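The values are calculated or read from the model by the stated rules, or taken from the named source; none is laboratory data. Please read all numbers here as calculations on a predicted model, not as lab measurements. Here the Cβ positions follow ideal geometry from the backbone for every residue, glycine too, while neighbour counts run over all protein chains shown. Heavy atoms of the whole protein, side chains included, go into the accessibility calculation; ligands, DNA and RNA do not. Shrake-Rupley method; radii C 1.70, N 1.55, O 1.52, S 1.80 Å.
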Amino acid sequence: MYIERTLAGKLKEAAQYFPVVTVLGPRQSGKTTLCRQVFPDYTYVNLEDRTAREIARKDPKGFFSQYQLPVVIDEVQRVPELLSAIQVLADDVSRKGQFILTGSHQPQLHAEIAQSLAGRTAILRLLPLSMEELTHAGIVRTRDEYLVNGFLPRLYAENVPADLLYPAYYATYVERDVRQMIQVSNQQAFETFIRLLAGRVGQVVSLQSLAGDVGVSAVTLRSWLSVLESSYIVFRLPCYFENYAKRITKAPKFYFTDVGLAASLLGIETPAQAARDPLLGGLFENLVVVEALKARYHAGKSSPELYHFRIQGRMEVDLLVRNGRQLTPVEIKAGMTFDPSFTKGLEAFCALSGSEGPAAVVYGGEASGMVHGIRYENFRNVAELVRLGEQ
């Protein structure tokens with residue numbers, strides 16, 4: 001079953017203006033399927049294939065005589081040296097859209113692309129399926145089903161059970177690839193860290209506190225987090241700060257780019273378990289924040305412009321969506337019944353900031369409406385809410 005991806009239109013458009021288009025994102029997010037669907041007549045090569053990889057490393061010219069243009073090159077991070085050859089060919093070839101590259105799990109890939117292909121490539125990001133994409137495909141799940149099943153395409157295209165897929169995904173891609181990149185010598189410490197991180201979604205993270213729990217230094221944890229971010233395993237939500245107050249919190253929050261992986265790491269395997277888990281609120285916040293991130297990236301945005309806001313002991317806004325000078329504050333509540341008290345934090349923020357733009361509560365229920373001049377939205381409408389702020 002193929003599910004239409006929102007990014008497809010931007011991918012086609014970018015190929016009309018750039019000789020190279022690079023699609024980045026986590027493993028198993030659907031990059032290959034998307035590129036082959038959009039460019040079905042292109043030559044295709046996967047650099048996970050050892051033979052293709054060796055040719056690319058030893059004889060780049062021979063590689064492009066065997067895999068002729070236009071070409072989709074999958075997992076380009078496996079042979080970063082190939083980017084120099086692509087640079088030369090891109091300058092020689094007058095036609096646009098001749099190289100479609102995909103990449104994941106490589107902290108240095110961004111820097112290498114920026115150095116070798118500056119001005120020659122558009123960079124797009126594809127995350128796992130969004131609720132909006134699933135809804136358009138006629139697939140609608142409950143709040144708790146989304147939290148447990150997550151959004152990896154194989155769950156929906158091949159009906160792979162989540163309790164089988166996520167442990168395999170963790171062992172194959174997170175544990176193996178990420179640990180190799182950061183050369184983790186203490187496997188148990190790394191696993192403890194990533195599970196503790198899953199238990200803190202939706203919270204301001206103190207690396208000093210985590211370091212004590214894991215048994216390694218905060219400097220080490222910071223390097224691990226950097227690789228997890230660049231591999232699109234976790235997403236950093238920075239704090240938005242102006243001169244509102246001296247006690248403003250500037251620490252970021254972290255979320256998993258697929259909430260199903262976070263639930264799996266916490267040992268949550270069924271919707272019923274998710275519904276009664278003490279971390280339900282944090283997991284639901286993870287779901288909503290990353291849906292906003294998908295709405296940004298899948299629209300072709302290079303920067304998500306998403307933040308949180310917190311003044312210690314006074315107020316907190318779970319999500320701020322920035323469009324130019326306009327901020328859309330969003331409160332996130334897992335409850336399935338809307339309560340007017342949900343708007344109090346938003347009202348306080350709007351009074352502090354002087355914002356007259358839209359403000360919204362995203363909650364776990366089905367209805368949408370207005371109260372006290374603030375929208376309350378069905379959690380499936382996050383993408384629509386992000387676009388509202390762009391108007």
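Could you identify the single residue in Val93, Val79, Val88 that is open to solvent by less than 10 Å² (accessible area, probe 1.4 Å) and among the aliphatic types (A, V, I, L, M)?
Numbers: Val93 fails: open to solvent by less than 10 Å² (accessible area, probe 1.4 Å); Val88 fails: open to solvent by less than 10 Å² (accessible area, probe 1.4 Å).
Testing whether each residue is open to solvent by less than 10 Å² (accessible area, probe 1.4 Å) and among the aliphatic types (A, V, I, L, M) leaves just Val79.
Have a look at Leu165, Leu127 and point out the one that is under 30 Å from Thr6 (Cα atoms), aliphatic (A, V, I, L, M), open to solvent by less than 20 Å² (accessible area, probe 1.4 Å) and not in a helix (DSSP H, G or I).
Details: Leu165 fails: not in a helix (DSSP H, G or I).
On inspection, the qualifying residue turns out to be Leu127.
Within segment 213-224, can you find the residues that are without any contact (Cβ under 8 Å) to a residue 24 or more places away in the chain and either of a type in the set (S, T, N, Q) or open to solvent by 60 Å² or more (accessible area, probe 1.4 Å) (or both)?
Asp213, Ser217, Val219, Thr220, Arg222
Exactly one condition in (1) at pLDDT below 90; (2) part of a strand (DSSP E or B) is false for Tyr2; which is it?
Of the numbered conditions (1) at pLDDT below 90; (2) part of a strand (DSSP E or B), the odd one out for Tyr2 is (2).
Looking at segment 183-195, I want the residues that are at pLDDT 85 or above and in a helix (DSSP H, G or I) and have a partner that is surrounded by 10 or more Cβ atoms within 10 Å (Cβ to Cβ) and basic (Lys, Arg) with Cβ atoms under 7 Å, at least 6 apart or on another chain. Which pairs are those?
Partner pairs satisfying both residue conditions: Phe190/Arg179.
Of the residues that sit in segment 138-153 and are open to solvent by 40 Å² or more (accessible area, probe 1.4 Å) and out of contact with any helix residue (DSSP H, G or I) (no Cβ under 6 Å at 6 or more places or on another chain), which one is farthest from Thr192 (Cα to Cα)?
Gly138
Going by what's in this entry, would Glu112 be described as assigned to a helix (DSSP H, G or I), charged (D, E, K, R) and modelled with pLDDT of 95 or more? So that I can check it myself, show each step before the final result.
Values: assigned to a helix (DSSP H, G or I): yes; charged (D, E, K, R): yes; modelled with pLDDT of 95 or more: no.
Criteria not met by Glu112.
When segment 5-18 is examined, which residues are found to be open to solvent by 20 Å² or more (accessible area, probe 1.4 Å) and either more than 15 Å from the chain's Cα centre (by Cα) or closer than 17 Å to Gln98 by Cα (or both)?
Restricting attention to segment 5-18, the residues satisfying the condition of being open to solvent by 20 Å² or more (accessible area, probe 1.4 Å) are 6, 9-10, 12-13, 16-18.
Gly9, Lys10, Lys12, Glu13, Gln16, Tyr17, Phe18, listed by residue number.
Scan segment 47-68 and give yes if some residue there is open to solvent by 60 Å² or more (accessible area, probe 1.4 Å), assigned to a helix (DSSP H, G or I), closer than 30 Å to Val174 by Cβ and of a type in the set (Asp, Glu), otherwise no.
The answer is yes, given that some residue of segment 47-68 is open to solvent by 60 Å² or more (accessible area, probe 1.4 Å), assigned to a helix (DSSP H, G or I), closer than 30 Å to Val174 by Cβ and of a type in the set (Asp, Glu).
Considering segment 10-36 alone, what residues qualify as being under 22 Å from Phe256 (Cα atoms) and out of contact with any Lys or Arg (no Cβ under 6 Å at 6 or more places or on another chain)?
Result: Pro26, Arg27, Gln28, Ser29, Gly30, Lys31, Thr32.
Is at least one residue of segment 359-366 aromatic (Phe, Trp, Tyr) and within 26 Å of the chain's Cα centre (by Cα)?
yes
Consider Met370 carefully, then state whether it is aliphatic (A, V, I, L, M), open to solvent by 50 Å² or more (accessible area, probe 1.4 Å), free of Cβ contacts under 8 Å to residues at least 24 places away in the same chain and under 29 Å from Glu145 (Cβ atoms).
yes
Filter segment 14-46 for residues that are of a type in the set (D, E, K, R), assigned to a helix (DSSP H, G or I) and in contact (Cβ under 8 Å) with a residue 40 or more places away in the chain and give the result.
Hit for segment 14-46 is Lys31, nothing else.
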